[in-house]
Each structure stands twice: as structure tokens, then as C-alpha cells.
1. What FRET efficiency would be calculated for the residue pair GLU50, SER422, taking the C-beta separation as r and a Förster radius of 30 Å, to the nearest 0.05?
2. What's the magnitude of the charge dipole for segment 1-131 around its Cα centre, counting Lys and Arg as +1 and Asp and Glu as -1 at the beta-carbon? Answer in Debye, nearest 20.
3. Just to be sure I follow the rule: in segment 325-439, considering lysines 8 or more places apart or on different chains, how many pairs have Cα atoms under 29 Å apart?
4. Just order 153-165, 61-73, 207-219 by mean Cβ neighbour count inside 10 Å, highest at the front, would you?
5. Using a cut-off of 15 Å between beta-carbons, work out the net charge of the residues near LYS159 (Lys and Arg +1, Asp and Glu -1, LYS159 not included).
6. Report the calculated FRET efficiency for LYS159 and ASP257 (r = Cβ-Cβ distance, R0 = 35 Å), to the nearest 0.05.
7. Using a 1.4 Å probe on the protein chains only, how many percent of the accessible area of the chain belongs to carbon and sulfur?
8. If the cut-off is a Cα-Cα distance under 18 Å, which lysines reach LYS198, setting aside same-chain residues fewer than 8 apart in sequence?
Amino acid sequence: MRTLIKNSHILTMDAKRTEYSDGYIIIEDDEILGIGSYVHFSKQETDFDEVIDAHQTIAIPGMVNTHTHIGMVPFRSLGDDYPDRLRRFLFPLEKACMTKELAYHSGKYAIAEMQMAGITTFADMYYFEDALAQATDEMKSRAILGETVVDFPTCDAPKSHGGIGYAEEFIPKWLDHELITPAIAPHAPNTNHSQALKKAAALSEKYNIPMTMHVAEMDYEMNYFSEKYNATPIEFLQSIGVLSTRFIAAHCIHVSDHDLQILKQEGVGVAHCIGANTKSAKGVAPIKDMLNLAIPVGLGTDGPSSGNTLDLFTQMKLVANFHKTALHDRTAFPAKEILAMATIEGAKVLNMANEIGSLEVGKKADIVLVETKSVNMFPIFDPYAALVYSANASNVQDVFINGTTIVRDKQLVNYDLMDLRSNLTIEMAHFSKKAKELA
Ligand SMILES: [Zn+2]
């Protein structure tokens with residue numbers, strides 16, 4: 001299958017940040033076969049199975065969401081402003097109501113939301129990851145899927161740290177999948193015994209798969225390690241030997257200079273979730289310092305209850321607003337740098353930059369066309385600024401993942417969004433009843 005996309009303003013996000021103001025992209029099967037200025041296009045359009053005239057669009061690489069929880073759509077807008085939301089709503093409802101079926105239907109809905117927002121790759125951490133892998137496979141997204149490990153019984157594992165046993169079956173099952181990378185995801189440093197963390201790291205090493213974890217997110221996490229080990233969580237994780245280039249650390253809000261040196265030394269990538277971190281009043285991670293040390297930093301939405309939306313347009317704006325304000329510098333984090341975090345830098349965090357994150361010949365055809373016809377997209381003096389400051393997820397027009405058309409003219413190609421929603425609504429009946437009782 002050969003597809004030609006023509007007449008788009010292409011932001012390749014390659015190392016030179018090459019742009020083509022009137023560009024073309026050739027997709028062959030799952031790969032980008034050609035890219036350039038249309039004035040240099042020398043082939044016949046009849047050579048293609050499909051020709052897409054993408055005038056009034058900006059083409060960008062598929063966006064990379066480095067941290068989310070796709071099984072948690074049912075929790076969205078529940079208890080948002082309560083101080084004890086985690087223990088009042090999340091833990092009890094997960095224990096009482098989260099099932100394989102609910103996670104699966106939530107996963108499909110969350111993936112649809114991400115696809116329609118131009119996210120083609122995501123890194124997930126939740127329970128029932130086997131069901132979420134099924135959902136991801138059906139929706140045809142690219143993903144890292146990490147099974148949660150935590151020191152109490154959970155909805156998918158009756159014993160504490162049962163996620164390890166779950167993962168031992170889950171990982172080999174999905175290891176050879178074209179789009180899915182199974183992973184192990186200990187919940188946080190303070191919610192796991194060090195032996196479990198070491199076992200998780202051993203699985204990551206054995207299968208050469210990612211290990212992802214919430215790190216340095218909570219005040220009480222910092223106090224716990226300070227009192228118990230006279231260390232920071234990151235110092236502790238290094239001391240037990242679980243950090244590596246396969247490690248994806250979500251949040252990293254409370255980090256010392258020494259912690260940053262450790263992240264750099266161990267080759268850890270950081271998933272920056274500015275929306276979730278600031279909505280919950282946890283703080284603003286010092287990502288300028290991370291970037292100065294060349295630590296890879298990508299953007300994450302966190303779960304649908306933490307960040308409420310699963311799109312990176314929202315996150316990009318929040319990155320600009322919070323970091324410019326925190327640094328008292330409006331020139332900090334220019335739009336081009338922020339779009340890089342949503343694409344190529346996110347791919348680096350996930351160790352997938354050889355395959356995705358930029359539009360280059362030989363890379364996978366994960367491509368997003370953002371339309372510029374809508375009222376909010378005029379005029380455009382700088383396409384990067386237009387994407388970061390003006391655009392929102394509803395401007396995403398077409399999405400290709402691995403060369404396959406997933407979204408066309410703002411609609412899912414293979415699914416009806418209302419069907420996905422009604423399936424999830426039916427599955428949520430018990431959950432919704434219980435949630436109202438707790439509110
Ligand atoms: Zn999270």
C-alpha cells in the first residue's frame with residue numbers, strides 16, 4: 001500500500017528541525033518512504049493507491065504520551081477537589097469495582113480519545129494490562145503497557161506484589177507484538193518492598209523491556225525515604241540497583257541536584273505530567289535543569305482522573321505557562337522545544353526514537369495532520385507557536401499509525417466513538433452506583 005500526502009506544512013522534528021512549507025510525505029506500508037518539498041516531487045500520482053490533498057494542514061509526527069493510566073476513564077471528574085481523593089475514591093473503587101471488562105472498555109475509550117488528539121504512542125501503567133493490551137491491539141495504537149506492582153492486594157492480584165506474577169505471564173505473551181511493548185510498572189518507590197522492585201528490575205533486564213514508576217511525586221514519599229534511609233527516592237532506587245536506560249520515571253517533581261546527576265548517569269528518561277502535578281498542587285518539576293543535563297524529558301497526561309484530558313495540546317500549553325512563570329522568563333521553553341517534548345523527546349524517553357518521534361525516511365509512518373481551517377488557527381506566523389498556543393485536540397484532522405489510517409476528517413475510521421462510550425457506560429453501572437455513594 002502506497003499513500004501520498006501532499007500540500008501540507010510539514011514539521012519533521014528531525015535533528016535539524018527541517019520544515020517543508022509545501023511538503024509531501026510518501027507512506028509505503030508501515031514506513032515513511034519519502035518526504036520533502038512538493039516542488040521537488042517527481043513521481044506520478046497514479047503510482048499511489050491513495051493521494052491525500054492535505055492543504056491547510058500542519059503535519060507533525062504522531063505525539064507520544066509518556067505516562068498515562070488508560071483503565072481509569074471511569075474515574076474522570078470524580079472527587080477532583082477533595083484533599084483525600086486517592087483514599088476516599090480511587091483505592092476503594094478500584095478494589096470494589098475494577099474488573100478486566102471495565103479496564104478493557106475504559107482502555108478502548110481512552111485510546112480513541114488519544115488517537116483523535118493525535119497521540120499515536122503511549123506508555124501505560126495500570127491493572128489488567130493483558131486486557132488493555134487486547135484493547136490496544138484492537139485499536140491499533142503503539143504502546144508500552146506496564147503491569148502495576150504494589151504492596152497490597154489489588155483488583156487483578158489477590159496478594160501484595162501480585163503484579164510480578166501477573167507480569168511473568170503477561171510479558172512473554174505480548175513480547176513479539178508489532179505495536180505493543182509489555183512492561184513492568186511498580187507503582188512507586190514507597191509502595192513496594194525493595195525485593196519486589198529488584199524482581200521488577202530483573203524482569204525488565206531479562207526481557208529487555210521498560211520499567212516505569214511514579215518517582216519523587218509525593219511529599220510523604222520524600223519524608224518516608226528521608227526518615228527511613230536518609231536518602232531521596234532516587235538515591236534509594238540507585239542504591240538497590242534498579243535504575244537503567246530502560247527506566248521511565250514519571251513526575252520527578254521533588255529532585256535534588258544529586259538526583260539529577262543520578263538520572264543523567266543511569267540514563268533514565270522522565271515523563272513530565274505538568275497538568276496532573278499542578279492540578280493536585282504537588283509542584284512543578286524542574287525540567288529546565290533536566291534538559292540542561294540532556295536528560296530526556298517527554299510529556300505525559302497522567303490518567304484521565306489526574307489530568308482529566310488525554311491530549312498533549314493541553315499539556316503543551318501548561319508547560320509553557322507554568323515554566324515561563326516559574327522561571328520568570330517568557331523566552332524560556334519556546335514552542336519548538338515544547339513540541340519536541342511532545343514528539344521526538346518523548347520517543348527518546350521511551351527508547352523508541354529510532355522508530356518514531358520524527359518524520360524521516362525509514363521511520364514508522366506515525367503521522368498527524370492538524371487542520372488550520374478552524375477559527376482558532378488564523379493567522380499563522382509560526383506553525384510551532386500555532387500548535388502549542390493556539391491549537392487544541394479538536395484541530396486534529398487525520399492520524400496514521402504504523403501506516404494505517406486511524407482517524408480521517410476527525411472521525412475514527414474503524415470505530416464509532418458513541419459505541420465505545422455506550423459499551424463503557426454499560427460496564428460502568430456498578431462503578432457509577434458505588435461512586436455516587438462515596439461522594
Ligand atoms: Zn500516574
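The values are calculated or read from the model by the stated rules, or taken from the named source; none is laboratory data. Since this is a predicted model, take the numbers as computed values, not measurements. Positions of Cβ are backbone-derived with ideal geometry, glycine not excepted, and every protein chain shown enters the neighbour counts. Keep in mind that these areas ignore ligands, DNA and RNA; they rest on the heavy atoms of the full protein, side chains included. Shrake-Rupley method; radii C 1.70, N 1.55, O 1.52, S 1.80 Å.
1. Step by step, r from the Cβ atoms, then E = 0.45.
2. Magnitude of the dipole: close to 620 debye.
3. Value for segment 325-439: 13.
4. 61-73, 207-219, 153-165
5. -3
6. Computed FRET efficiency for LYS159 and ASP257: 0.35.
7. Result for the chain: 50 percent of the exposed heavy-atom area is carbon or sulfur.
8. Straight-line reach from LYS198, under 18 Å: LYS159, LYS206.
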